[in-house]
Structures are given as C-alpha cells and as structure tokens.
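Visitor: First the structure, which I've put down as structure tokens, then a few questions once you've had a look.
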C-alpha cells in the first residue's frame with residue numbers, strides 16, 4: 001500500500017466533517033511531492049473503481065479540491081505525471097476533453113433585469129449582491145439564485161439558509177455557467193451530496209474537467225443513469241460506462257451475484 005494513500009485513509013476516516021476532510025486533502029496536495037501525490041491518487045482511484053468505500057471517501061474529499069481553479073497548475077502537473085508514468089486510474093480521473101470537441105460555450109450574457117434589485121428598482125452592484133448573499137435570510141434568494149457571478153454564488157453557497165434543493169436548482173440550470181458550476185463543485189460540503197453531484201454530471205454545460213472526476217464517485221444505479229442520458233457529453237458517458245465495466249460484482253449467497 002502506498003504510504004501517502006494510507007495516511008490519507010487514516011486521516012479521512014478520523015475526520016467526520018466534510019469541510020475538514022477537504023481542507024486536509026488540499027494541504028496534502030500542495031505539501032507533498034507531485035509524484036507522491038500522483039501515486040497515492042492513482043492507488044485510491046484504482047481501489048475506488050473496485051468499490052472500496054474508504055477510497056471513495058478519500059476521493060470524495062479530493063475531487064472538490066481538484067476542481068479549484070487555483071490548483072489548475074498542480075492538476076495539470078498531476079495529469080502529466082499520470083500520462084508519463086502510466087498511472088491509468090489517475091489518468092481516468094483527470095481525463096481532459098477530446099481536442100476535437102467544440103470549446104465549452106461562453107457563460108450566458110448578464111441580463112440585469114434578472115439581478116437582485118433595490119427597493120427603488122435599481123440593479124444592485126456586484127458588491128451589494130455579494131453582501132446580500134451573505135445575509136442569514138432568504139430575502140432576494142430567488143434573484144440571487146439566478147445571479148451569474150461566481151462570487152455571488154460562492155457567498156450564497158455558504159449561506160446557512162441555503163438548502164440542497166437550492167443547490168440542485170443551481171447545478172441543473174441551463175444554459176449552465178461554467179464558473180457557477182465550478183463554485184458548486186469546489187464546495188467541500190455541497191459537492192458531497194449525491195443529488196448535487198448527479199445534477200452537475202448530467203448538466204451538458206458542466207465543464208468536463210469537473211464532471212468526469214465526479215463520475216468516479218457515483219454508485220452503480222447513478223452510473224447507469226448517466227450512460228443512458230443522451231444529452232450528457234460523450235466523454236462523461238464514456239467515463240461512466242468504463243467505470244461500470246470495472247465495478248466488481250457483489251456476492252449474494254451461493255445462488256449468484258448482484259452488482260452495486
């Protein structure tokens with residue numbers, strides 16, 4: 001067993017709060033040598049492909065960190081190490097979109113009529129909307145949920161009045177804003193919710209660099225649903241199909257087996 005992967009397993013199993021798990025993995029990904037991180041992630045990916053619950057928990061804490069744009073250079077370095085070192089499971093986790101595919105669509109243009117407004121009907125400034133999103137009240141939530149700016153969404157996701165249904169509405173919105181989807185994916189708690197993950201993975205506008213790693217965290221029924229979804233990008237469906245094929249059967253007595 002890789003020593004760094006073993007360390008991460010022990011730490012994650014002892015940390016019950018999702019936010020603490022993500023903070024720990026973030027510090028580890030930045031502290032350790034990239035080659036060591038790559039080997040540890042490859043082992044965990046391989047074990048998660050074989051339905052190891054603990055490996056999946058560790059990856060669940062790592063995926064939001066890998067989705068953080070601030071770590072883009074580190075992720076690219078890990079992708080390079082995986083390719084050069086034939087770390088196949090890690091390569092599948094960090095699979096980039098095919099070059100022949102069209103670029104991700106630009107974020108929708110801002111329609112000020114849909115932004116939160118003052119009592120006088122004036123569209124609020126970005127600073128005002130960010131401040132409003134931090135208030136522990138659901139006032140103006142409907143308008144804030146439509147806000148296209150990622151900094152507003154970041155504050156909204158941290159609002160104690162935010163609900164899982166609210167986050168699912170954000171993640172399922174079409175046309176999707178890649179920046180907003182990234183904010184949801186990098187959140188250490190909301191991104192761990194199964195329904196939120198599925199909303200991201202099934203949104204055709206979700207950046208594939210986010211959707212593909214999230215596929216590694218899905219259970220068999222969810223993977224089957226993704227494979228059957230015609231509007232999910234091909235690279236995401238391919239990742240789900242590949243993982244289904246690698247997922248082992250679960251024994252059910254002497255009469256046969258069922259698969260999870």
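The values are calculated or read from the model by the stated rules, or taken from the named source; none is laboratory data. Quantities reported herein were computed from a predicted structural model and do not represent experimental measurements. Every residue, glycine among them, receives a Cβ derived from its backbone with ideal geometry; neighbour counts consider all protein chains shown.
Visitor: Is it the case that segment 51-70 has a residue that's over 21 Å from residue 155 (Cβ atoms) and either at pLDDT below 90 or more than 21 Å from the chain's Cα centre (by Cα) (or both)?
Guide: Yes, the conditions are met somewhere in segment 51-70.
Visitor: What do you reckon, is residue 239 more than 20 Å from residue 18 (Cα to Cα) and in a helix (DSSP H, G or I)?
Guide: yes
Visitor: Considering only residues that are touching a helix residue (DSSP H, G or I) at 6+ places or on another chain (Cβ under 7 Å) and either surrounded by fewer than 15 Cβ atoms within 10 Å (Cβ to Cβ) or on the phi > 0 side of the Ramachandran plot (or both), which ones fall in segment 3-29?
Guide: 13
Visitor: Cβ-Cβ distance below 9 Å, separation of 6 or more or different chains: which pairs start in segment 213-225 with a residue that is touching a residue at least 60 places away in the same chain (Cβ under 8 Å) and end on one that is surrounded by fewer than 16 Cβ atoms within 10 Å (Cβ to Cβ)?
Guide: Matching pairs, first to second residue: 217/194.
Visitor: Would you confirm whether or not segment 242-252 contains a residue that is crowded, with 18+ Cβ neighbours inside 10 Å, outside the structural domain of residue 59 (by TED's automatic domain parsing) and not in a loop (DSSP other than H, G, I, E, B)?
Guide: Within segment 242-252, one or more residues are crowded, with 18+ Cβ neighbours inside 10 Å, outside the structural domain of residue 59 (by TED's automatic domain parsing) and not in a loop (DSSP other than H, G, I, E, B).
Visitor: Next question. Mind checking which residues of segment 125-139 are surrounded by 13 or more Cβ atoms within 10 Å (Cβ to Cβ) and at pLDDT below 85?
Guide: none
Visitor: Being assigned to a helix (DSSP H, G or I) and without any contact (Cβ under 8 Å) to a residue 12 or more places away in the chain is the filter here, so list the residues in segment 62-97 that pass it. Explain how you work it out, then say what you get.
Guide: Within segment 62-97, the first condition is being assigned to a helix (DSSP H, G or I), and the residues that meet it are 62-66, 69-84, 88-93.
Passing the criteria: 70, 72, 73, 76, 80, 83, 84.
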